[in-house]
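Step one of this worksheet: look at the structure below.
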Amino acid sequence: MLAGLRIDHLPRDRDVRSLSGGERARLQLALLLLSAPDALLLDEPTNHLDVDSMTWLEGCVRDQHGAVLMVSHDRAFLNATVTSIIEIDEFSHRAKQYTGSYDDYLRAKTRERQRWEQEYAAQQDEIKDLRIAIHDEIRAMSQTKPTKKVGNDKFAKAFFKGRTEVHLTRKLDNVKERLARIEADPIPRPPRPLMFRPDFDPRALRGQFAITVSGVSKGYGPRRVIEDVSLSVAPDARIAIVGPNGSGKSTLLRMIVGIEAPDSGEVHISPQVQLGYLDQFGADLDDSQTVVDAYIDGSDLPEQAAISDLLVSGLFRYDEVRRTVGMLSGGQRRKLQIAKLIRQQANVLILDEPTNTLSFDVLEAFEDALRGFTGAIIAATHDRRFLEGFGGTVLTMGNRQLNAAR
């Protein structure tokens, strides 16, 4: 069991309190599985696991004779282990069950989205037709004339005119009532697809490297994290960096964006490059700011335009844009980071564990946006599903070095 979770190297007499967070999590999981329970309740079981350990755990879960109920954001793990997915809606907090694997769930969600778009379009057409009808009825009422020849009998004229007006008034009231019912509870507009728009075409960098990392090394005290690492990034590169926690992936990204300086070596960024950085923990967010102020973040973007951006993207609702960042959940903070990243119009993206804590709908939309991005992307990730659709080059960080993945 310890070998499957890759902690069999730990001395058997080592004090548990001296273990890292990842080692403690793996030990806890090993103890749970060894107890052979009738039912397993797992909360993000793939956290702190490398790919080999995840694959091993998938086999354990599939072989479990009793029930398994788990919370997980790992799409590849869900695809390999579950027969049903229960989704709790972020806004309504209601649960809905989908039969099958993650792929089955995704297909069902795609069909729901298509129906949503069709129903919204149909309702917008109906609203337009009703408003035209109201305009026509009001105009008809203003031009009401007797419908029969009644000579000069002014009483007859008034009688027929009155009947016509009553008919038109009732018809107008019915149309207004139908419109009011729709507008009281309208079908919400489907979110606009997320899209990155660099402020200039990254292909203008043709013939140059967007980023050049030359022999950088970094340590913290006596501990060396990165040793003599070099990397060249083309203007349209797709580079994924994998490796265990603590191997130096985040440190390398922080040196590329200039948050940390290397102990030796250098990082050169082309003058034409505008970097967009998504850090792992949202350290750039100010908890005292509102969501809309954090989104604007010193730019000259008008507040109403900023609110519109947040709403039409579907990342936030109107009642959330005035909340302080400190009130947001982990997933909401990540959505705010993504919104800010899109607003920056960068032509090179540096992403540190970009899929962490995101709900599946936002995650799939974010990945679609990345696939349409024309500039370079460097992403550090553990997410196997993300890697499947990412393409490009996969590099492994380990033993202080950056090497081609096996």
Taking θ = phi - 60°, what integer Hz values does the Karplus form 6.51 cos²θ - 1.76 cosθ + 1.60 yield along segment 365-375, in sequence order, with x for Gly and Pro? 5, 5, 5, 4, 5, 5, 5, x, 6, 8, x
Could you tell me what percent of the DSSP beta bridges with both partners in the chain are antiparallel, to the nearest 5? 50
Amide H of Leu278: which non-local residues (sequence gap of 5 or more, or other chain) have their own amide H closer than 5 Å, using H built in the peptide plane? Ile350, Leu351, Asp352
For Leu10 and Arg181, calculate 0.36 nm times their separation in residues minus their Cα-Cα distance, and state this gained length in nm to one decimal. 54.9 nm
With θ taken as phi - 60° and the coefficients 6.51, -1.76 and 1.60, list the Karplus ³J(HN,Hα) couplings across segment 172-188 in order, rounded to whole Hz; mark glycine and proline as x. 5, 4, 4, 5, 4, 5, 4, 5, 5, 4, 5, 6, 6, 9, x, 5, x
Order these peptides, 338-348, 105-115, 252-262, by their mean beta-carbon neighbour count within 10 angstrom, highest first. 338-348, 252-262, 105-115
Share of Cα-Cα pairs in segment 202-404 beyond 31 Å, in percent? 21
Given pairs Lys249/Lys340; Lys96/Lys176; Lys128/Lys335; Lys249/Lys335; Lys128/Lys340; Lys109/Lys340 and cut-off 28 Å on Cα-Cα distance, the over-length ones are Lys96/Lys176; Lys128/Lys335; Lys128/Lys340
Choose one of Leu40, Met54, Ala80: the residue whose Cα lies farthest towards the positive end of the charge dipole of segment 16-107 (beta-carbon charges +1 Lys, Arg; -1 Asp, Glu; about the Cα centre). Leu40
Quick note, the chain: a/c under 1.5 would make it rounded; otherwise a/b > b/c is prolate and the rest oblate (a ≥ b ≥ c, C-alpha gyration tensor); here it is prolate
Whole-Hz Karplus couplings 3J(HN,Hα) for segment 216-228, θ = phi - 60° and coefficients 6.51, -1.76, 1.60, Gly and Pro as x, run 7, 9, 8, x, 10, x, x, 8, 8, 9, 10, 9, 6
How big is the dipole moment of segment 199-324 about its Cα centre under a simple scheme where the beta carbon of each Lys and Arg is +1, that of each Asp and Glu is -1, and everything else is neutral? Debye, nearest 20, please. 600
Please report the net charge: other residues with Cβ closer than 13 Å to the Cβ of Phe281, K and R +1, D and E -1. -2
Of Gln118, Leu2, Met255, which is farthest on the positive side of the dipole of the chain, counting Cα position, with +1 on Lys and Arg Cβ, -1 on Asp and Glu Cβ, and the Cα centre as origin? Gln118
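Can you bin segment 16-107 into rounded, prolate or oblate? Criterion: square roots of the alpha carbon gyration tensor eigenvalues sorted a ≥ b ≥ c, rounded for a/c under 1.5, prolate for a/b above b/c, oblate for the rest. Working shown, then result.
Working: a/c = 1.87, a/b = 1.63, b/c = 1.15.
It comes out prolate by the Cα gyration axes.
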Given backbone amide H placed at 1.01 Å from N, residues whose amide H is under 5 Å from that of Asn245, ignoring those fewer than 5 places away on the same chain, are none
For segment 205-250, what class follows from the C-alpha gyration tensor (a ≥ b ≥ c being the square roots of its eigenvalues): rounded when a/c is under 1.5, otherwise prolate if a/b is larger than b/c, else oblate? oblate
Which residue, Phe360, Leu205, Phe316, has the largest displacement toward the positive end of the dipole of the chain when charges sit on each Cβ (Lys, Arg +1; Asp, Glu -1)? Phe316
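Just flag the chymotrypsin sites (Phe, Trp or Tyr not before Pro) in segment 61-98 sitting in loop per DSSP whose Cβ has no more than 12 other Cβ atoms within 10 Å.
Loop-located and lightly packed - Phe91.
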Averaging over every viewing direction, what projected area does the convex hull of the Cα atoms of segment 186-291 cover, in nm²? 10.8
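Read the figures in this text as sums done on the coordinates, not as results from a lab. Here the structure is a predicted model, which means the values were calculated and not measured. Because the Cβ atoms are built from the backbone with ideal geometry, glycine has one as well, and the counts that use them run over all protein chains shown.
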